[in-house]
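Student: Could you have a look at this structure, given as structure tokens, before my questions?
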Amino acid sequence: MKNIINYFTAIAILVFVFSFSACYYDNVERLNPRVVCDSTGTITYTGAIKSIIDNNCTYCHSGNTPSGGISLDTYLGVKNEAVTGKLYNSITWNNTPSPMPKNGNKIDDCSIIKIKKWIDTSYPQ
Ligand code: HEC
């Protein structure tokens, strides 16, 4: 009888331990997106914005005949669209007839947060 009680106690302890480790992994997953998006400090064109635009936009918006006549392969080109509000509207798919990247998926939230901060802080180069 004592052995059976010990057996159940051992199982109870194991279940207890595993339920805690499950909680631990849940929390790590939920925290990760926040940890990954680091928009602290000054967001500059060369430090952050250029790579976002290069990865998602210059495929169409560069060269001799850029889409929509809009070149996004230089600081001034990107700034010109930012000043009019078209850059932010195009990537947030708000108030625009042309959601960008055209026919693609919305760029990730962290990139949008960085572009917003870059615009709000007057486009640091
Ligand atoms: C697959 C090609 C393609 C990609 C990739 C692309 N664009 Fe465009 N973009 C276009 C075309 C074509 C137009 C002209 C308007 C239209 O056809 O919708 C345009 C127009 C625009 C406009 C002007 C919209 C307006 O309201 O006049 C902006 C701003 C813009 N793009 C920004 C971006 C940004 C920022 C990215 C990257 C996140 C991007 N585009 C990615 C093809 C593209």
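Student: Under the rule a/c < 1.5 gives rounded, and otherwise a/b versus b/c splits prolate from oblate, where does the range 45-120 land using the Cα gyration tensor? Don't skip to the end; give the middle numbers.
Tutor: Details: a/c = 1.33, a/b = 1.10, b/c = 1.21.
Here the range 45-120 falls in the rounded category.
Student: Roughly speaking, to the nearest percent, how much of the range 45-120's 1.4 Å accessible area is carbon and sulfur?
Tutor: Values: 2180 of 4540 Å².
Taking all protein chains in place, the range 45-120 shows 48 percent carbon and sulfur surface.
Student: Heavy-atom accessible area per residue, the range 45-120, 1.4 Å probe: how many Å²?
Tutor: Numbers: 4540 Å² over 76 residues.
Per residue, the range 45-120 has an accessible area of 60 Å².
Student: What is the sum of charges around Y123, taking Lys and Arg as +1, Asp and Glu as -1, for the other residues whose C-beta is under 13 Å from the C-beta of Y123?
Tutor: Numbers: positive: K50, K79, K114, K116, K117; negative: E81, D120.
Overall, the nearby charge balance is +3.
The values are calculated or read from the model by the stated rules, or taken from the named source; none is laboratory data. This one's a predicted model, so the numbers in the text were calculated from it and none came from an experiment. Here the Cβ is made from the backbone with ideal geometry for all residues, glycine too, and neighbour counts use every protein chain on show. We work out accessible area using only protein heavy atoms, side chains counted, and drop any ligands, DNA or RNA first. Shrake-Rupley method; radii C 1.70, N 1.55, O 1.52, S 1.80 Å.
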